[in-house]
1. Please go through the range A:80-92 and pick out each residue that is at the interface with another protein chain (Cβ under 9 Å from one of its Cβ atoms) and out of contact with any Pro (no Cβ under 6 Å at 6 or more places or on another chain).
2. Regarding the range A:95-109, can at least one residue be identified that is modelled with pLDDT of 90 or more, under 24 Å from B:I83 (Cα atoms), more than 8 Å from chain B (Cβ to nearest Cβ) and part of a strand (DSSP E or B)?
3. B:K210 fails exactly one of the following numbered conditions: (1) of a type in the set (D, E, K, R); (2) touching a residue at least 40 places away in the same chain (Cβ under 8 Å); (3) in the same structural domain as B:Y254 (by the TED database). What is the number of that condition?
4. Tell me, please, whether a residue that is at pLDDT below 85 and more than 11 Å from chain B (Cβ to nearest Cβ) can be found in the range A:63-76.
5. Tally time: how many residues in the range B:112-134 are over 14 Å from A:I98 (Cα atoms), in contact with a strand residue (DSSP E or B) (Cβ under 9 Å, 6 or more places away or on another chain) and without any contact (Cβ under 8 Å) to a residue 60 or more places away in the chain?
6. Given the condition away from chain A (no Cβ under 14 Å), surrounded by fewer than 17 Cβ atoms within 10 Å (Cβ to Cβ) and of a type in the set (D, E), answer yes or no: does some residue in the range B:171-182 qualify?
There are 2 protein chains.
Amino acid sequence: MNEKDKVTIYDISEKLNISAATVSRALNDNPKISIKTKELVLKTAAAMNYKQNRLAQALKSGKTNNVGVIVPYIDRNFFSSVIRGIEEELSPHGYHVIICQSHEDVTNEITQINTLLNTQIDGIFMSISKTTQDTSHIQKVLQEKTPLIFFDRKKDLPGFSSVTIDDFNGGFSATEHLINQGCTKIVHFSGDLNLDIYKNRCDGYMAALKKHGLPIRKEYIIQVNSKIESGASAISELWELEDKPDAIFSAGDYAALGAIQELKRRKVRIPEDVCVVGFSNEPFTKYMELPMSSVDQTPLEMGKIAAQVFLEQVKGKQTLTIEKKVVLTPELCIRDSSNRIGKAIPTVA
Amino acid sequence: MNEKDKVTIYDISEKLNISAATVSRALNDNPKISIKTKELVLKTAAAMNYKQNRLAQALKSGKTNNVGVIVPYIDRNFFSSVIRGIEEELSPHGYHVIICQSHEDVTNEITQINTLLNTQIDGIFMSISKTTQDTSHIQKVLQEKTPLIFFDRKKDLPGFSSVTIDDFNGGFSATEHLINQGCTKIVHFSGDLNLDIYKNRCDGYMAALKKHGLPIRKEYIIQVNSKIESGASAISELWELEDKPDAIFSAGDYAALGAIQELKRRKVRIPEDVCVVGFSNEPFTKYMELPMSSVDQTPLEMGKIAAQVFLEQVKGKQTLTIEKKVVLTPELCIRDSSNRIGKAIPTVA
């Protein structure tokens, strides 16, 4: 349908000669609006083909049609894309999404869960913060019979569904790709290994080395954060070594970007001397002077599937018994930063 | 549960051997209480199944310590940076931020304002959607005596404060910079001219042409959207012309990126044949093969100032009488895509 043809509440308001706010309230089943008006608005909206699914939802009672999403940060493409996936899937069902950022701080997470529960949210989607150890605030959601679906970063707790990617596979395939390019001294920039996602990427890295008979060297595993600077300083550290690496597999794109910047400064050729692969497939990776290989976590799909799991739970009215674990396979996007052989390998844009 | 059995802050205070006032402050996220104590209190309260009656609390103090932010999209660096600025400024004052995306749809905006008002939010920060014409939902916020501060995209309504940038200045200085590079046939990719920000950028462009005695040519003003593809197809359209342009000033970075990609495909040299300047200073602009000039809207500062305006209003308890209009000056970041003369002009990273 053309954007212009879309029926809005203003069209309904004009047709009925009542305010748009009244139409909106009626559609949202606001108690301030009389049943008579509600009926009139709903009938007119239906006749004008106004967002059918939202209508169906509005007719149901006992629901706010709001869901909450808690993410560490919104300004990472991965998280904003998951949110987009959730919205695209839930919007036709009349749901609205409220977003909170934990900034990797468990105290924020606790307050946000309380706030969301107090606003009578219909469900919560959550990717836990790096500092979350104790899970009593998460258990509380279960006690309140509100569905909570983890995505990406989760806690293994009974009663909760989750949608994650196979991070082991992501780490394994990125490392094996580097080995296939002829690299033998492969460094891993790891994230915080207390977090499952980063531990699994590191395990995948080590498994690929092992499979191909390459040694696992402690000095080649460096913990970085998600800042550009941490990648640059890791390179400075590594270039002090006698035996310099010939590849970097970074658990994050920003540290990989910092590594590339520092390698260039040192006149190290990429990919001839050192191949680099990142993780997350942030949009900047493909616009770089030297487009960077990265592991795509299929965030849009992740969000859509998380939303589908939620809809199943709500539909089944068995919010406490459904516990679904979905694991997606990440996609390695090979670009110039690690394409030594120069084969025409299909890459995901 | 029996009223008598209800866990109170006194039970928590006894258990932890700290004062009830401290427990209360910790539960209300008072900045005077250390994060360590807050965490301890929150965990103990959760373990004891303490239920804070948030609404009662809010009625007592008249505050929930939650503010809402409504933006068109969170996955644009500009908006996520403004939100970060708001959070950085409000967090030390004990406020939490709830975020909603309108997706440029006024019906979402209406529902979100209703949701936020229903959760007894202390204030709303908002950048209006492209489709917002009627403002009754915004007026409603004023009626409910909740402060609403516009940022970037605003409606000129009495009683509302706003923090914006001088878009005219941004358009003027970008265009004048192109003229200084020797360009005389400058195209403008405009956004939706119904939105003040885009109209002002276009006015700035025309004023610079006029000042330097250059003609304003209708066929050189092309409306694009914020997608890469729209910039590419605008170039295809322009290259049908007899008189091809020698510069592009785009009101958005994504359309400028699309233009650069299409110009390269056509073997047009940048900046020798055509100079390109974008708007927003998205992070990808500086990592591009050819780093792109762009106008920085100082979003972090915008968010911080919007938060300061809010704090003034709340502090003054005169939410209805304060009406503050702050206008920030944007910063032109000159990079390779428009640096023909090759002067060492200081650029903002």
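1. Residues of the range A:80-92 at the interface with another protein chain (Cβ under 9 Å from one of its Cβ atoms): A:80-81, A:83-84, A:87, A:91.
Selection gives A:S80, A:I83, A:R84, A:E87, A:S91.
2. The answer is no, given that none of the residues of the range A:95-109 is modelled with pLDDT of 90 or more, under 24 Å from B:I83 (Cα atoms), more than 8 Å from chain B (Cβ to nearest Cβ) and part of a strand (DSSP E or B).
3. (2)
4. Scanning the range A:63-76, I find at least one residue that is at pLDDT below 85 and more than 11 Å from chain B (Cβ to nearest Cβ), so the answer is yes.
5. Total satisfying the criteria: 4.
6. No, the range B:171-182 contains no residue that is away from chain A (no Cβ under 14 Å), surrounded by fewer than 17 Cβ atoms within 10 Å (Cβ to Cβ) and of a type in the set (D, E).
Rundown of residues vs (1) under 14 Å from A:F279 (Cβ atoms); (2) assigned by the TED database to the domain that holds A:Q261; (3) surrounded by 17 or more Cβ atoms within 10 Å (Cβ to Cβ), yes/no style:
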site	(1), (2), (3)
A:C202	yes, yes, yes
A:E219	no, yes, no
A:I222	no, yes, yes
A:S226	yes, yes, yes
A:I235	no, yes, yes
A:E240	no, yes, no
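Per-residue answers, yes or no, for (1) surrounded by fewer than 18 Cβ atoms within 10 Å (Cβ to Cβ); (2) at negative phi:
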{"residue": "B:L257", "(1), (2)": "no, yes"}
{"residue": "B:S280", "(1), (2)": "no, no"}
{"residue": "B:E289", "(1), (2)": "yes, yes"}
{"residue": "B:G303", "(1), (2)": "no, yes"}
{"residue": "B:E323", "(1), (2)": "yes, yes"}
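The values are calculated or read from the model by the stated rules, or taken from the named source; none is laboratory data. Since the structure is predicted, the reported quantities are computational estimates derived from the model, not experimental observations. As a convention, Cβ positions derive from the backbone with ideal geometry for all residues, glycine included, and neighbour counts pool all protein chains shown.
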